[in-house]
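> Quick one: this structure, given as structure tokens, is what I'll be asking you about.
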Amino acid sequence: MKKIVLIAASLAMLASPALAQDNKTTGSAPAEAKFSTVSKDEMFSSKLKGLNVYNQKDESIGEITDLAVKNHQVDALILSVGGFLGMGEHYVAVSPSSVNVRFDSKNDKWLASMNTTKDALKAAPEFKYPK
């Protein structure tokens with residue numbers, strides 16, 4: 001009952017002319033919005049971030065920690081490699097085409113693989129975030 005009273009009081013305050021604000025759109029937003037249809041089997045960045053990357057020997061070689069976007073496209077996947085519990089790790093930027101990301105419907109999870117070794121990634125040029 002208390003919840004109903006609180007909700008009713010909140011709605012009454014929002015509808016009150018004394019608290020109403022003048023909502024005007026400012027700026028030069030385009031008059032025509034573009035929308036997309038997203039299917040349930042599309043990859044989302046929230047599913048990609050934190051995904052472990054395995055090599056052809058099924059060894060974990062890194063983790064996807066970020067995406068670099070350039071000209072409206074994913075330009076690089078940022079992998080965390082090496083280290084243990086956050087110590088000694090570094091980041092490398094790899095081409096998205098070098099990482100195979102797929103959905104395993106049997107186990108209901110996303111998988112990432114790359115044809116390389118842990119040592120090769122450790123030896124790769126280190127990626128540092130721009131300041």
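The values are calculated or read from the model by the stated rules, or taken from the named source; none is laboratory data. Keep in mind the model is a prediction, meaning the values are calculated, not measured. Virtual Cβ from ideal backbone geometry, glycine too; neighbours counted across all protein chains shown.
> Return the residues of segment 28-57 that are over 20 Å from the mean Cα position of the chain (by Cα) and at pLDDT 85 or above; say none if nothing qualifies.
55, 56, 57 - these are the residues of segment 28-57 that are over 20 Å from the mean Cα position of the chain (by Cα) and at pLDDT 85 or above.
> Name the residues in segment 108-127 that are over 21 Å from residue 45 (Cβ atoms) and part of a loop (DSSP other than H, G, I, E, B), would you?
Once the filter is applied, which keeps residues that are over 21 Å from residue 45 (Cβ atoms) and part of a loop (DSSP other than H, G, I, E, B), segment 108-127 yields 115, 116, 117, 124, 125, 126.
> Now a separate question. Just for strands (runs of 3 or more DSSP E) wholly inside segment 50-105: which have at least 1 residues that are over 17 Å from residue 125 (Cβ atoms) and hydroxyl-bearing (Ser, Thr, Tyr)?
Passing ranges, in order: 52-54, 60-70.
> Is it the case, given these coordinates, that residue 125 is surrounded by 12 or more Cβ atoms within 10 Å (Cβ to Cβ), free of Cβ contacts under 8 Å to residues at least 60 places away in the same chain and of a type outside the set (Phe, Trp, Tyr)?
Values: surrounded by 12 or more Cβ atoms within 10 Å (Cβ to Cβ): no; free of Cβ contacts under 8 Å to residues at least 60 places away in the same chain: yes; of a type outside the set (Phe, Trp, Tyr): yes.
In short, no.
> Same structure again: Out of the residues in segment 77-120 that are over 15 Å from residue 59 (Cβ atoms), exposed (fewer than 15 other Cβ atoms within 10 Å of the Cβ) and aliphatic (A, V, I, L, M), which is farthest from the chain's Cα centre (by Cα)?
87
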